[in-house]
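Taking it in order: structure first as structure tokens, then the write-up.
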Amino acid sequence: EALVSFNEWQTRRNRRPFRIGIGIHYGMVTVGNIGSERKMDYTVIGDQVNVTSRLEGLTKKYQESLLISESVMKKLERRFPCRLIDRVVPKGKSAALALGVFIPRQELSEGEAKAWALHEEAVRLYYGRQFGEAATIFSQVQQLLPEDRVAASFLERARTRAAGRAAAPPSPG
């Protein structure tokens with residue numbers, strides 16, 4: 001939110017807005033001095049660091065300035081609304097370790113709250129492989145939030161998968 005205010009200030013002064021992507025993840029890491037006597041670096045290493053870096057990189061794809069992982073969402077969900085926007089597989093991991101990627105907000109408008117609740121139901125249907133039903137609800141999200149890229153992406157994916165399922169020949173008995 002501070003970045004939005006800062007960018008409004010920048011714009012009023014005919015300056016370019018500052019764009020930044022932040023990924024936040026929670027987990028165990030190794031931290032400390034690593035290296036040799038000649039060259040020593042204080043750093044953080046581990047899978048959790050790689051996940052955080054992946055989240056930061058996804059801010060460009062989803063055009064969101066802040067993305068959080070499921071481990072962070074679980075710590076925030078009671079205090080801040082969080083919306084699942086995708087499940088991704090970090091490099092070098094199996095699909096069984098898909099990472100939930102969320103957008104947090106400090107608060108939602110009435111329309112956003114309704115759309116986010118519908119989105120949650122549609123995502124549940126989508127990952128339950130009920131693609132036609134999910135597409136119907138993602139369409140409702142799009143009506144409430146016409147500029148919503150996340151709902152548009154899920155809607156397209158759900159329609160594609162629903163059409164593929166309908167076109168598939170019946171499985172043998």
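The values are calculated or read from the model by the stated rules, or taken from the named source; none is laboratory data. Just so we're clear, the structure is a prediction, and the values are computed from it rather than from any experiment. We place every Cβ from the backbone using ideal geometry, glycine too, and count neighbours over all the protein chains shown. Side chains included, ligands, DNA and RNA excluded: accessible areas come from the protein's heavy atoms. Shrake-Rupley method; radii C 1.70, N 1.55, O 1.52, S 1.80 Å.
Of note:
- Taking every protein chain into account, the accessible area of the chain amounts to 69 square angstrom per residue (probe 1.4 Å).
- Cross-link reach is defined here as a Cα-Cα straight distance under 22 Å, omitting same-chain residues fewer than 8 places apart; for Lys60 the lysines meeting it are Lys91, Lys93.
- Percent of Cα pairs exceeding the 27 Å cut-off, where the set is segment 23-160: 28
- Shape parameters for segment 1-51, alpha-carbon atoms, Rg then Dmax in Å: 18.2, 51
- If you plug the beta carbon distance of Arg12 and Leu76 into 1/(1 + (r/R0)^6) with R0 = 35 Å, you get a FRET efficiency near 0.65.
- Most fluctuating residue given options Arg13, Arg129, Arg157, as computed from a GNM of the chain linking Cα atoms under 10 Å: Arg13
- Selection from Gly132, Gln106, Val88 lying farthest towards where the dipole of the chain points positive, charges on Cβ: Val88
- On the basis of the beta-carbon distance and an R0 of 35 Å, Arg149 and Asp47 show a calculated FRET efficiency of 0.75.
- Cut-off of 10 Å, at most 10 other beta carbons, DSSP loop: longest stretch of the chain lacking such GluC sites (Glu not before Pro): 38-106
- The alpha carbon radius of gyration of segment 1-90, expressed as a multiple of 2.2 N^0.38 Å, is 1.39.
- Two-site FRET efficiency, Ser5 against Ala113, from Cβ-Cβ distance with R₀ of 25 Å, rounded to 0.05: 0.65
- Carbon + sulfur, % of accessible area of the chain - ligands and nucleic acids excluded, 1.4 Å: 52
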